[in-house]
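For reference, the structure discussed in these notes is given below.
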Amino acid sequence: MREIVIMLSGMNGTKEERNKIKMKLPEKIYRLIKEDDYETDNIGMSLASVQIYKDKVLKIQSCSSEAENEYQMLQYLYGKLPVPKIYAYEISDGKSYLLMSKCNGQMACSDEYMNHSEIQYRLLAQGLKQLWSTEISDCPSRQGLSEKLAQAEYNVKNNLVDLENTEPDTFGEHGFENPSKLLEWLYKNRPEEELVLSHGDYCLPNIFGIQEKITGYIDLGKTGIADKWCDIALCYRSISHNYSGRYSKKTYSGYDNLLLFHELDIEPNWEKIRYYILLDELF
C-alpha cells in the first residue's frame with residue numbers, strides 16, 4: 001500500500017482550497033497513477049470518489065454488489081460496446097479501486113449537447129439502440145424487476161431511501177404516504193418486461209459522445225438484463241431535469257418531451273415510464 005493525497009469528491013473551491021486526505025492506495029493502482037495531476041468529478045449523484053487523470057479515471061467507492069457488478073460488466077462488455085478499459089481493480093479495507101481508461105468526447109449533459117438538442121436526442125437514442133441490439137444470452141448480470149424490487153424492499157426496510165431527493169409529487173399530499181406504500185404499489189402493479197441489455201442508470205452524465213456517435217457508457221453498476229423501459233424512463237427523466245436546471249441551476253431551451261420517442265421510432269408507454277421512475281425513487 002502507498003500513501004497518496006487524494007481530494008474528496010463533492011468539495012468546492014480551487015484545488016488548493018479543498019480539504020485533502022491521505023489515502024493508502026493499493027500498490028498496483030499507485031504504480032499506474034503515482035502522483036499525477038487530476039480533477040475531481042462532481043457531476044451526477046454517485047457517492048463514489050472519481051478522479052479524472054489525463055487519460056485515466058480512478059473510481060473509489062465502498063465495496064458492494066453494485067461495485068462488483070460494474071467491474072464484471074466492464075469486463076463482459078469490453079470489445080462489444082464502447083466502455084472503458086480496465087487497467088486495474090483492487091479491493092482494500094472495505095473499498096474498491098477501479099482504474100480505467102478515460103472516455104473520449106463529451107457527456108450528454110455538456111453545454112455542447114444541451115445547446116444542440118436534436119444532436120443530443122439522436123445520440124441518446126443511438127445509445128439505447130446499441131444496448132438493445134447487444135446479445136444477452138451469456139450476460140452474467142440480471143437486473144430485472146425481481147432483483148430491483150428485492151433491493152428496493154431492502155432499502156425500505158433499512159431506511160435507506162433518500163426522501164430529500166425524490167420527485168415533488170412522489171410522497172405527501174398528492175403522492176404515496178411513505179416508501180412502504182410505494183413499494184406495495186410497485187409489487188401490485190408490476191408490468192411485463194421486454195428484456196434487453198439495460199444500462200440501469202441511463203442518465204445524461206453516464207453517456208459520452210462525439211456529435212451523434214456514442215463514445216462511452218460509464219457507471220455500469222446496475223447494468224444487466226432488464227426491461228428496456230427502465231432505461232427509457234430514466235433517460236426521459238434525466239433529459240427533463242437537465243433542461244429545467246434541477247442539477248446545475250442552469251436552464252436550456254430546446255426541450256421536447258416527445259423527441260426521444262421520435263428518434264427511437266416508438267410510442268411512449270407512459271404507464272411503464274411512470275412505474276420505473278417511481279421504482280427508482282427507492283434507490
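The C-alpha atoms of the range 78-120 occupy a region whose extents along the principal axes are 44, 25, 12 Å, arranged from largest to smallest. Considering only Cα atoms, the convex hull volume of the range 232-283 works out to 71 Å³ per residue.
Across the protein chains, with a 1.4 Å probe defining accessible surface, the residues Glu118, Glu212, Glu90 rank Glu118, Glu212, Glu90 from largest area downward. Between Ser64 and Ile43, the simple spin-label model (points 7 angstrom out along Cα→Cβ) gives 2.1 nm. Rounded to the nearest 20, the Cβ-based charge dipole of the chain about its Cα centre (Lys and Arg +1, Asp and Glu -1) stands at 900 debye. Ranked from largest to smallest solvent-accessible area, with a 1.4 Å probe on the protein heavy atoms, Arg122, Arg142, Arg237, Arg190 come out as Arg142, Arg190, Arg122, Arg237.
Per residue, the range 82-125 exposes 42 Å² of accessible surface when a 1.4 Å probe is rolled over the protein heavy atoms with every protein chain present. Under conditions of 10 °C and 1.306 mPa s, the range 158-283 yields 100 µm² s⁻¹ as its translational diffusion coefficient, taking Rh as the Kirkwood radius over Cα pairs in the Stokes-Einstein equation.
How big is D for the range 94-232, in µm² s⁻¹ as a whole number, if Stokes-Einstein is applied with the Kirkwood radius of its Cα pairs at 20 °C and 1.002 mPa s?
125
For the range 30-119, a/c is not less than 1.5, where a ≥ b ≥ c are the root eigenvalues of the C-alpha gyration tensor, and a/b tops b/c. That puts it in the prolate class. At q = 0.15 Å⁻¹ the log10 of I(q)/I(0) for the range 191-232 amounts to -0.38, computed by Debye summation with a single uniform scatterer per C-alpha, solvent ignored. Placing unit charges on the Cβ atoms of the charged side chains and taking the dipole of the chain about its Cα centre, the candidate lying farthest along the positive direction among Gly224, Phe208, Gln126 is Phe208.
Normalised by the number of residues in the chain, the mean separation of alpha-carbon contacts (under 8 Å, six or more apart) gives a relative contact order of 19 percent. Between Asp138 and Ser92, residue separation times 0.36 nm minus the direct Cα-Cα distance comes to 13.6 nm. Largest mean-square fluctuation among Cys103, Cys139, Cys230, in a Gaussian network model of the chain whose springs join Cα atoms under 10 Å apart, belongs to Cys139.
Given their separation in residues at 0.36 nm each and the Cα-Cα distance between them, Lys249 and Lys102 gain 50.2 nm when the chain is fully extended.
The label-point distance for Leu160 and His174, in a model that sets each label 7 Å from Cα toward Cβ, rounds to 3.1 nm. Please report, as a whole percent, how much of the solvent-accessible surface of the chain comes from carbon and sulfur atoms (probe radius 1.4 Å). The C+S portion of the solvent-accessible surface of the chain is 46 percent.
Its alpha carbons give the chain an Rg and a Dmax of 19.1, 55 Å.
Quote the relative contact order of the range 43-147 in percent (integer), defining contacts as alpha-carbon pairs under 8 Å separated by 6+ residues. Reported relative contact order: 23 percent. Think of a 1.4 Å ball rolled over the protein heavy atoms: the range 154-283 then has 50 Å² of accessible area per residue.
Which FRET efficiency, nearest 0.05, do Lys34 and Lys181 yield, Cβ-Cβ r, R0 35 Å?
0.10
The values are calculated or read from the model by the stated rules, or taken from the named source; none is laboratory data. This is a predicted model, so every value here is computed, not measured. Neighbour counts are summed over all protein chains in view; Cβ atoms, including those assigned to glycine, are modelled from backbone coordinates with ideal geometry. When the accessible area is computed, the model is the full protein with side chains, heavy atoms only, and any ligands, DNA or RNA have been set aside. Shrake-Rupley method; radii C 1.70, N 1.55, O 1.52, S 1.80 Å.
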